[in-house]
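Here the structure is laid out as structure tokens; the discussion comes afterwards.
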Amino acid sequence: MTVNSTSFVHRVCLLIWSALGAMGFLANAAATPVCKAPANLIPNPGFEHGPAAVGGNPDHWYFESWSGTGVGTWDSTTAHQGRRSVRIDAGNPDDANWLQSVIAPVNTPVFLSGWIRSHQVKRVDPSSPGATISSLGRWDQPPPTLGTTPWHQVGMTFISDTSPLLIAPRLGFWGGLATGTAWYDDLSLVPRLADTPHPRWKILVLIYPQTDFSFTDAKGINRHVTGQTSPAELDETEAQAKLFVEKDIPALSSGNMLPSVTVRRASQPLRSLSRVLDGWWPAQGDVTMDLDPSFDSVIVIWEPRVRDQATGESLWIGAAAGLTPDRGLGQTYVTMSVEYAGVNGHRNVYKHEWGHSILSYFQALQVTSMPSVNNHAEPGQYVNCRGKPPYVWEDETNAAPIPNSIYSNSAGFTHDYYSGSVALASDPDRCLGIGPAAWAWGGPATHSGSQPVFTVLKRIEAIVDQVDGFKNAGMLDHRSARALSGELLASRAALSWWHSPNLARTGLKIFIKHVQALVKGRHMNAEAGELLQESANSALACANQGLSTPREEKPSRMLAK
């Protein structure tokens, strides 16, 4: 239920005031949080400043064209914000860019982003990103911008290994020339930070119910095959995918990750597949038009059970139950055949394949202990770093759970590397995997650079989302979740509507006490309680610094559930 009623919040605030004399406030100690977003490292990022003379360049920027035919314009007729932008026109194939040298921290994850508008941008070479924003000297690039598009934001994370960085709004790339017109505005380069509450990953489950594919098999026979998943199996697959995201991931990660899930069923058959091993699979290039860069992770589910249209022969053209490429710091990508993604997979294929993707991502981000965990493990290779019993090396199912087995949600090998508590048997005291400190860095798309959560108000909103995630994961009952959200709403309203930091701080302290009581009474998972207290203490510390959002800001939509 959406709650934006002043009367509801006012009632909760009155309850807070009445509790002032009845409670003591002993919040858990927390590290000093970041309460203000890091400054943009790019001078004149919106191209607003510079000489007024016709043909001049914006301050700090200059233009280059590889072909010598591209034209760079400081444009005062269109902008994403403000009055100006920069434009690149390439009538001939080119790699042209506006360029600035920017001082940046070294060996640090940084996020480079900006806004692009395009008109008839075409790639000359298959690898061209069209219009892009890049750091010269690197192969990293955000998702491509091609054709004619309105203003839209693009961005990418990379590890800065040199300083200064050459930041370039760009049309074309090395070996990837392009033509057309593109505008660029409001660039940003900021260091990424780990903070609480942990950013929630956004996961897209992309289901292809139909396959319609032509290929030549190993015997040289040309085949045209089609296949279609039944509606009942599609419904079951969608249900299993949601259970994996909302139940399994929070449990496996000990509550450190509370992702959101969006399921989309493709309206067109899957007509393009890539050869791998002895079969086929939907590589990223086969589904480019359906990928959405706003998601941290994409799980593609497809139908490999097909029939040859000429012979009537039934075939299975897949290569494996699931395949996951290493995508570095980019959007993680997992593929699964539909018969393993539904009831027959028992969600273990999800756990294994998504585990591949997050291990490779956090390893590329360089925020996990080394060596990286290999989830193609063998019995006896890993143990729990906190001395818990040896792993049972069996593949459990939902119908027949086995404590401490490979895929157990509460303990075992998969749980421990999702939670950062696995160790090599040869070094049993050194914790490996993805622990709280790693999850706090966020995902490829959702993190401190793209969606900063630093001010008191943003932190409170994120904790409401956190409470909702614990409720969905079964770590917190509905009644307690609603009460906790109401307390947070009251603190939010105290800052935004009544401009009372004291009342907001009181509300956060009451929230912390309430969480402690729920954990003590075993109404809340203990690990979830620790995370909520950590998040609330960070918000409280920022409130004590007086760094709240300006008075004119109104509350964002918040949910009490």
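The values are calculated or read from the model by the stated rules, or taken from the named source; none is laboratory data. Computed from a predicted model, the values in this text were never measured in an experiment. Every residue, glycine as well, gets a Cβ built from its backbone with ideal geometry; the counts of neighbours run over all protein chains shown.
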Inset, instruction - Just name the residue that is surrounded by the most Cβ atoms within 10 Å (Cβ to Cβ) out of those in the range 40-70 that are free of Cβ contacts under 8 Å to residues at least 24 places away in the same chain, out of contact with any Gly (no Cβ under 7 Å at 6 or more places or on another chain) and farther than 22 Å from L189 by Cα. - result: P51
Legend entry - Test set (1) in contact with a His (Cβ under 9 Å, 6 or more places away or on another chain); (2) within 23 Å of A528 (Cα to Cα); (3) surrounded by fewer than 18 Cβ atoms within 10 Å (Cβ to Cβ) - Y407 fails condition number: (3)
Legend entry - Matching residues, the range 432-490, being within 23 Å of I203 (Cα to Cα) and among the polar types (S, T, N, Q): T446, S448, S450, Q451, Q466, N472
Legend entry - Residues (modelled with pLDDT under 50 and not hydroxyl-bearing (S, T, Y)) located in the range 515-561: L547, P550, R551, E552, E553, K554, P555, R557, M558, L559, A560, K561
Inset, instruction - Return a yes/no flag: does the range 325-347 have any residue that is assigned to a loop (DSSP other than H, G, I, E, B), hydrophobic (A, V, I, L, M, F, W, C), within 29 Å of S372 (Cα to Cα) and touching a Lys or Arg at 6+ places or on another chain (Cβ under 8 Å). - result: no
Legend entry - Failed criterion for P129 (all others in (1) surrounded by fewer than 16 Cβ atoms within 10 Å (Cβ to Cβ); (2) within 25 Å of H447 (Cβ to Cβ); (3) of a type outside the set (A, V, I, L, M, F, W, C) hold): (1)
Inset, instruction - Test G443 against the criterion of being assigned to a helix (DSSP H, G or I) and surrounded by 19 or more Cβ atoms within 10 Å (Cβ to Cβ), and give yes or no. - result: no
Inset, instruction - Kindly check whether there is at least one residue in the range 310-322 that is in contact (Cβ under 8 Å) with a residue 12 or more places away in the chain, surrounded by fewer than 16 Cβ atoms within 10 Å (Cβ to Cβ) and outside any loop (DSSP other than H, G, I, E, B). - result: yes
Legend entry - Leading residue by the ranking (surrounded by the most Cβ atoms within 10 Å (Cβ to Cβ)) among those in the range 360-395 that are in a loop (DSSP other than H, G, I, E, B) and among the aromatic types (F, W, Y): Y391
Inset, instruction - Determine whether N92 is crowded, with 20+ Cβ neighbours inside 10 Å, at pLDDT 95 or above and polar (S, T, N, Q). - result: no
Legend entry - Test set (1) in contact with a strand residue (DSSP E or B) (Cβ under 9 Å, 6 or more places away or on another chain); (2) farther than 21 Å from Q228 by Cα - D308 fails condition number: (2)
Inset, instruction - Answer yes or no as to whether L234 is in contact with a strand residue (DSSP E or B) (Cβ under 9 Å, 6 or more places away or on another chain) and either acidic (D, E) or part of a strand (DSSP E or B) (or both). - result: no
Inset, instruction - Six or more apart or on different chains, Cβ under 6 Å: which pairs go from a residue in the range 496-512 that's free of Cβ contacts under 8 Å to residues at least 24 places away in the same chain to one that's surrounded by 18 or more Cβ atoms within 10 Å (Cβ to Cβ)? Could you list them? - result: S500/A494
Inset, instruction - Can you confirm whether the range 188-199 contains a residue that is in contact (Cβ under 8 Å) with a residue 40 or more places away in the chain, in contact with a Leu (Cβ under 7 Å, 6 or more places away or on another chain) and in a strand (DSSP E or B)? - result: yes
